[in-house]
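So the structure is just underneath, and the comments pick up after that.
Here, each number is a calculation from the coordinates, and none is a lab measurement. Note that the structure is predicted; figures quoted are calculated from it, not measured. Ideal geometry is used to build each Cβ from the backbone, glycine not excepted, and the neighbour counts take in all protein chains shown.
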Amino acid sequence: MARLESALRFVIDHGYQVLLVGLVVVLCIRNPETRRKIVRALLVLGGLVVGAVFLAAAYGKMKPLPGLAWSWPSVKTSLAMFAIQVDSYELLAPGAANTVAHVLPYFELFLGLWLVTGIWRRWSSLLASVAICGFMIAITSAYIRGLHIKCGCGIGQDEDVGPAALLRDGLKFLLPAILVTIGAFWIHRKPTASESPTPQAVSSPAATN
Amino acid sequence: MEVFTDYQCPSCRSLFLGTLTQLIASDYIASGKVFLVHHDFPLQAHMYSGFAALWANAAASLGEFPAVELALYQNQDAWQANGDIAKYVASAMPSADFKRVEAIVNACGTPAPQSAPNSGNPLVNIPHPCALDRVIAEDVELGYKIPVQATPTYVITFKGNKLPAGSGVVSWPILKQFFDSLLSQ
């Protein structure tokens, strides 16, 4: 499990850099067919990167607390601890915070797996983008209200809410999600006339005579 | 559960009045399932929090800590406006005890210990610290090791394992649920 977590962290830490380089390459490519091929490849990679974000987030929230082994009760205890973090945002009533804490990690797990499969990528990446925006709004709200709390993201070291957490979330999480969303919608649209292959001119004996 | 608090901190007041009072009154403490340990972490930004900690520790030496802690948080808005902590400590105990507590605090002098940026020495401005100053300074030094970056910060230790520190307010039903889940392991 530790290796899996390390692998996910590696993908998250470096994935956005690769996607940014890929974006530059795509913008420099003139040939429409080549561009589409590169975008398709980047979408697969992007799906893995954004999927890794949500899988790591789910894992971070569910993994056993120090001293406890993996078991259903230990997962419940970890989620109860996550409920404390959600409650500390002071955005929801205790009951609602508890519900969010016990549903969100499973949602993240589902969304992470969905992104990795690439099925209906437009919608999975759009949902991911919306979810990350929601998290960032919550962090911003806590920061503006002067709350000195942990972000509870579950990925890597738990950062305090504030500009550093927002920068990290924006760069490593939201940027890849938005790039994948835009790319997935772009690749799905019908090619324009300039991108369609031009039909070959057919010479007829009558025309040449 | 170790809690690092500042008597002048609004979130610490919310945590104490909304959650810790219920924890203290609950079966968890009485039955020994949970041990609640209070640590002082007066923040430099709060002018009177160090003095409030002095009063609370002086009261603790006479066994009057619970009443004084409650009085300090309940009247936080009042005493933080002008620093008149003595008035509210006096209202929380018999007058004879208050005189003894007052004598202990007066023996300590000013300023009171407070946490400092970059884990600075909380006694740096106190050339002749009294015993209570040292007690508060020990709590602050302990907080630096967590590290406490804001108050309230709490650390729960379960079967010898320190869980990741938490900060901010947590409501009693949520905390209770966590204790129940942890104790069922």
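Summary of values
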| quantity | calculated |
| --- | --- |
| Residues whose placed amide H lies under 5 Å from that of A:CYS153, excluding near-sequence neighbours | A:GLU159 |
| Those trypsin sites (Lys or Arg not before Pro) in the stretch A:1-69 that DSSP places in a loop and that have at most 10 other beta carbons within 10 Å | A:ARG30 |
| The stretch A:108-187: trypsin sites (Lys or Arg not before Pro) falling in loop per DSSP and having at most 13 other Cβ within 10 Å | A:ARG145 |
| Top of A:GLU159, A:GLU33, A:GLU108 by mean-square fluctuation, Gaussian network on chain A, Cα under 10 Å | A:GLU33 |
| Semi-axes of the equivalent ellipsoid for the stretch A:25-85, Cα gyration tensor, largest first, Å | 42, 10, 7 |
| Scattering profile of chain A at q = 0.12, 0.13, 0.15 Å⁻¹ [log10 I(q)/I(0), Debye over alpha-carbon scatterers] | -0.67, -0.76, -0.95 |
| DSSP-loop trypsin sites (Lys or Arg not before Pro) across the stretch B:117-185, with at most 15 other Cβ within 10 angstrom | B:LYS159 |
| Where Cα atoms sit under 23 Å apart: lysine pairs in the stretch A:2-190 separated by 8 or more or lying on different chains | 9 |
| Euclidean distance between Cα centres, the stretch B:147-185 to the stretch A:110-145, Å | 28 Å |
| Fluctuation leader among A:ILE29, A:ILE12, A:ILE178 - chain A, Gaussian network, Cα springs under 10 angstrom | A:ILE29 |
| Debye intensity ratio I(q)/I(0), log10, the protein assembly as shown, q values 0.06, 0.09, 0.11 Å⁻¹ (C-alpha model) | -0.35, -0.65, -0.86 |
| Overall Cα dimensions of the stretch A:94-162, principal axis frame, Å, largest first | 41, 24, 21 |
| Cα gyration tensor, the stretch B:96-156 - rounded (a/c under 1.5), prolate or oblate | oblate |
| Note, ³J(HN,Hα) from phi for the stretch B:39-53, Karplus 6.51, -1.76, 1.60, rounded to Hz, x at Gly and Pro | 10, 7, 9, x, 7, 5, 6, 9, 4, 9, 5, x, 5, 4, 5 |
| If the convex hull is drawn through the Cα atoms of chain B, its volume per residue in Å³ | 114 Å³ |
| ³J(HN,Hα), Karplus 6.51/-1.76/1.60, whole Hz, each residue of the stretch B:4-10, x for Gly, Pro | 9, 9, 10, 5, 9, 8, x |
